[in-house]
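Asker: For reference, the structure I am asking about is given below.
Each reported figure results from applying straightforward, stated rules to the coordinates on display, with no laboratory input. Just so it is clear, the model here is predicted, and its values are computed rather than measured. Note that we place each Cβ from the backbone using ideal geometry, even for glycine, and neighbour counts take in every protein chain shown.
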Amino acid sequence: MSIISKLLGKSPFEPLYQHMLKVKACVDLVRPLMDVFLKGEEEKVKDVAKKIFKAEHDADIVKKDIRSNLPKSIFLPVARGDILRFLKEQDHIADSAEDLAALLILRKTTVPEELKAELKDFVDKVLETYEVAMTVSSEIKLLAETSFGGEEAHKVMELIESLKLKEWEADKAQMTAAKKMFSIEKKLDPVSVMMWMHIFSELGTLANHAENAGDQMRLMLHNS
Amino acid sequence: MDASFILIAAVLVGLYSAINIGANDVANAMATSVASGALTIKRAVVVAGVCDILGAVLVGSHVANTIRKGLIDPLQFSDRQNLFLFGMLAAVLGSALWVNIATYFKLPVSTTHSIIGGVIGFGLVSVGIAGIKWKVVLFVALSWIISPVFGGIIAFTIFSIIKKFILSSKEPIAQTRKIGPFFTGMVGFILSLAVTFKGLKHLHLDLPIIEALLISLCVGAGGFLLGSFLLRRYKERDTDPYYQVEKMANPLQVLSAGFQAFSHGANDVANAIGPVAAIVTVIQTQKVEMQVAIPLWLLLLGGVGLAFGVYTWGYRVMETVGEKITSITPTRGFSAEFGTATTVLLCSRLGMPVSTTHVAVGNIIGVGLARGISAINLDVIKKIFSAWIISLPAAGLFSIAIYLILSILFT
């Protein structure tokens, strides 16, 4: 048996990239989900939600696989804890999409005409944040290639900075949407108000996890 | 017992041992090149075979001398030559047996440690504790610890240079063209210096330091030009520059793989033919002689044995290695192989029998410390350490047993 082949372990970065693809396959469905939700097409909401549940489960499988392939005795170019926390945040993005989908099929909530513009804008801002986070994640293989330093790390660092701005814009959009919702609270029944608070909060959480994933990635970079 | 019988037996066992070493060690030497895709298995086998023979013939005598007469002074046997012959036969047979048994039980043992254990073993029972040159033994044991660390430092430095000047730069491809030739030049310089400076007397390669340096500088310049030519030939594509740098590093890695196989031949051929050389020189001169050079045909035989092992069994070993490793790329492979080859060649010139595989492990960890490798299983180090602790006494015991049997049967 060759000792060298035992020495060199399985790289976690390719699986991390695969996990990103799975998360992307899941969260990319949030836009179609919100589209049919805004149109009030109940059956289609259910269909898309089902796809999201399935995609989230796929991401979970990859996540578990990565975790079980990272024993303590493995030596990596970045801290093992950083990789695991990054994985956790990236996975949370898909979890948020799943929770959102669950909320939408839990109870039939109709979108009041007055709220549509604000809700659309909020969803746009959240998904913009998520897309930047996915761009950051998709650089993981190149980062491993350049030892998490140099020009490539610099590029990713700039993306992470812009992620902060995007998340802040999503926060603002959430405020605007919530304010709008309360301005028409007399027209809404109390359960709907509660549901809206949950839906807003879940969308906001998705953006937060996207930002956190970027922050975890930042911890892996080196200024050398 | 007839001396020519001992000679034939020793040559056969030595050849068998060489084939074993070629089959197992060379896979380790070429593993990184095959894994990174720089070499196909077929090409790796050819490169390794040719370079192993060259290394064995051109530089192999130094370590063989250490095993032949460095650990035990043969002059102690001047009035009982037969015991010395039996002892050396026992050493090579005992270590070959041990390596076979250990391989069967999947222990990562080193032939280097086994042969040293074998020689010390028969020395202990034939001439006693006082008859062994413990100073040399101590140096050899130290070199087993120092060589992986030393190689690791070289690999760390080389990869750090690649990282700083190529991977971190804004124009990685242009930088590869600039920096790459220095590496090929260095390979040429080191190789040439190791061969020419006080090298083989058979081939009239024993030049004094100044001449050797001059020739090596010329060879180094040739290596620089060759590297420059190869890197300039590369046509840029539209894909990511870092992947292209790895593609460009392919010829560098082929070169360093050959360099590593050369060093492997230079050092490890002695494990197979060191004791045989002792027997041959005693029989040829009919007395225990210190100054006789190792015959060239024996080095060549050892080299061919190594190559034969690579061509036959090593092919299969490499196949499994190549499939299993995915986390190493040509720039990393080059750094690790350059460090390994330089260290093993230096040790060969100093007459130190070191384990190429262990030095390679040290080098891969060196690149890992420079954040070059995506995943290293550190628990392997424990296994290596325990395997070499156990090799010395185990091979020694086998050697003692065979020595006792031979001396009871034939005296």
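Asker: Tell me the angle of helix B:41-59 to the major Cα principal axis of chain B, expressed in degrees between 0 and 90 and rounded to the nearest ten.
Answerer: Approximately 50 degrees, to the nearest 10.
Asker: Here is a further query. On a 0 to 90° scale, report how tilted helix B:172-196 is relative to the longest principal axis of chain B, with both axes built from alpha carbons and the result rounded to the nearest 10.
Answerer: 20
Asker: Follow-up. Could you give me the radius of gyration and the Dmax of the protein assembly as shown, taking only the C-alpha atoms into account and expressing both in angstrom?
Answerer: Rg and Dmax of the protein assembly as shown, Cα atoms, are 32.1, 116 Å.
Asker: Tell me which of B:A394, B:P251, B:N20 sits at the most positive position along the dipole axis of the range B:3-410, charges placed on C-beta atoms (Lys, Arg +1; Asp, Glu -1).
Answerer: B:P251
Asker: Only counting other Cβ atoms within 10 Å, I'd like A:D215, B:D268, B:D238 sorted with the fewest neighbours first. Can you show the working numbers first?
Answerer: On the way: A:D215 14, B:D268 34, B:D238 5.
The most exposed by this proxy come first: B:D238, A:D215, B:D268.
Asker: Any idea what % of Cα-Cα pairs in the range B:70-157 are farther than 22 Å? Display every interim value, and only then the final one.
Answerer: Working: 1513 of 3828 pairs.
Taking all Cα-Cα pairs of the range B:70-157, the fraction more than 22 Å apart is 40 percent.
Asker: Further question on the same structure: What is the Cα coordinate range of the range B:3-410 on the first, second and third principal axes, sorted by size from largest, in whole angstrom?
Answerer: Principal extents (largest minus smallest coordinate, Cα): 74, 47, 35 Å.
Asker: Is there a simple number for the mean count of other chain Cβ atoms within 10 Å of the Cβ of residues in A:10-23, and what is it? If you can, show how the numbers build up before the last one.
Answerer: On the way: counts 7, 7, 3, 3, 3, 0, 0, 0, 0, 0, 0, 0, 0, 0.
Across the residues of A:10-23, the mean count of other-chain Cβ atoms within 10 Å is 2.
Asker: If I histogram all Cα-Cα distances within chain A using bins 10 Å wide from 0, what percent of pairs lands in each bin?
Answerer: 8, 31, 30, 18, 9, 3, 1, 0
Asker: Can you find, among A:A49, A:L188, A:G81, the residue sitting farthest towards the positive end of the charge dipole of chain A, where Lys and Arg contribute +1 and Asp and Glu -1 at Cβ?
Answerer: Of A:A49, A:L188, A:G81, it is A:G81.
Asker: Could I ask something else about it? Whole Å is fine, so just give me how far the alpha carbon centre of the range B:143-204 lies from that of the range A:104-135.
Answerer: The range B:143-204 and the range A:104-135 have Cα centres spaced 57 Å from each other.
Asker: Need one number for the range A:66-149: average projected area of the convex hull over its C-alpha atoms, nm². List each step's numbers first, then the result.
Answerer: Numbers: hull surface 30.6 nm².
Answer in nm², one decimal: 7.7.
Asker: Taking beta carbons within 10 Å but only from partner chains, what does the mean come to for residues A:145-155?
Answerer: Numbers: counts 12, 9, 14, 1, 5, 9, 8, 6, 1, 2, 0.
Counting other chains' Cβ atoms within 10 Å and averaging over A:145-155 gives 6.
Asker: Using a simple charge model, +1 on the beta-carbon of Lys and Arg, -1 on the beta-carbon of Asp and Glu, nothing else, what dipole does chain B show about its Cα centre, in debye to the nearest 20? Present the calculation step by step, with values, prior to reporting the outcome.
Answerer: Working: 28 positive and 18 negative charges, 158 e Å.
The calculated dipole for chain B is roughly 760 debye.
Asker: If you take all C-alpha pairs in the range A:108-224, what percent of them are over 25 Å apart? Working shown, then result.
Answerer: On the way: 2439 of 6786 pairs.
Looking at the range A:108-224, the distances longer than 25 Å represent 36 percent of pairs.
Asker: In what sequence do A:Y17, B:Y104, B:Y403, A:Y130 fall when counting other Cβ within 10 Å, fewest first? List each step's numbers first, then the result.
Answerer: Numbers: A:Y17 18, B:Y104 8, B:Y403 26, A:Y130 29.
So the ranking, lowest neighbour count to highest, is B:Y104, A:Y17, B:Y403, A:Y130.
Asker: Compute the projected area of the convex hull of the Cα atoms of the range A:6-117, averaged over all viewing directions, and report it in nm² to one decimal place.
Answerer: Details: hull surface 32.5 nm².
Average projection, Cα convex hull of the range A:6-117: 8.1 nm².
Asker: Another question about this same structure. Let me spell out the model: positive unit charges on the Cβ of Lys and Arg, negative unit charges on the Cβ of Asp and Glu, origin at the Cα centre of the range A:80-133. What dipole size does that give, in debye rounded to 20?
Answerer: It works out to roughly 220 debye.
Asker: Reported to two decimal places, what Rg/Rh ratio describes the range B:210-273 when computed on Cα atoms with Rh from the Kirkwood expression?
Answerer: Working: Rg = 16.4 Å, Rh = 14.3 Å.
Rounded to two decimals, Rg over Rh is 1.14.
Asker: When the Karplus curve 6.51 cos²θ - 1.76 cosθ + 1.60 is applied with θ = phi - 60°, which whole-Hz ³J(HN,Hα) does each residue of the range B:124-132 get, with x for Gly and Pro?
Answerer: Couplings: 4, 7, 8, 10, x, 4, 5, x, 9 Hz.
Asker: With Kirkwood's inverse mean 1/r over C-alpha pairs for Rh, give me the Rg to Rh ratio of the range A:103-147, two decimals please.
Answerer: Details: Rg = 17.4 Å, Rh = 13.4 Å.
Computed over Cα atoms, the ratio is 1.30.
Asker: Can you give the FRET efficiency for A:E14 and A:E42, using 1/(1 + (r/R0)^6), R0 = 45 Å, r = Cβ-Cβ distance, to the nearest 0.05?
Answerer: Details: r = 40 Å, r/R0 = 0.90.
The pair A:E14/A:E42 has a calculated efficiency of 0.65.
Asker: In what order do B:I389, B:I53 fall by count of nearby beta-carbon atoms within 10 Å, going from fewest to most?
Answerer: On the way: B:I389 11, B:I53 25.
Fewest-to-most Cβ neighbours within 10 Å comes out as B:I389, B:I53.
Asker: Place a +1 charge on the Cβ of each Lys and Arg in the protein assembly as shown and a -1 charge on the Cβ of each Asp and Glu, then give the dipole magnitude about the Cα centre in debye, rounded to the nearest 20.
Answerer: Numbers: 61 positive and 56 negative charges, 273 e Å.
Computed charge dipole of the protein assembly as shown: roughly 1300 debye.
Asker: Once you have the Kirkwood Rh of the range B:299-401 from its Cα pairs, apply Stokes-Einstein at 20 °C and 1.002 mPa s and quote D in µm²/s. Display every interim value, and only then the final one.
Answerer: Numbers: Rh = 16.1 Å.
Rounded, D is 133 µm²/s.
Asker: Computed over the Cα atoms, what is the radius of gyration of the range B:114-222 divided by 2.2 N^0.38 Å, N being its residue count? Could the numbers behind the result be given before it?
Answerer: Values: Rg = 20.9 Å, N = 109, 2.2 N^0.38 = 13.1 Å.
Taking N as the residue count of the range B:114-222, the ratio is 1.60.
Asker: Once you place label points 7 Å from the Cα toward the Cβ at A:L219 and B:R233, how far apart are they in nm?
Answerer: It works out to 4.8 nm between the two label points.
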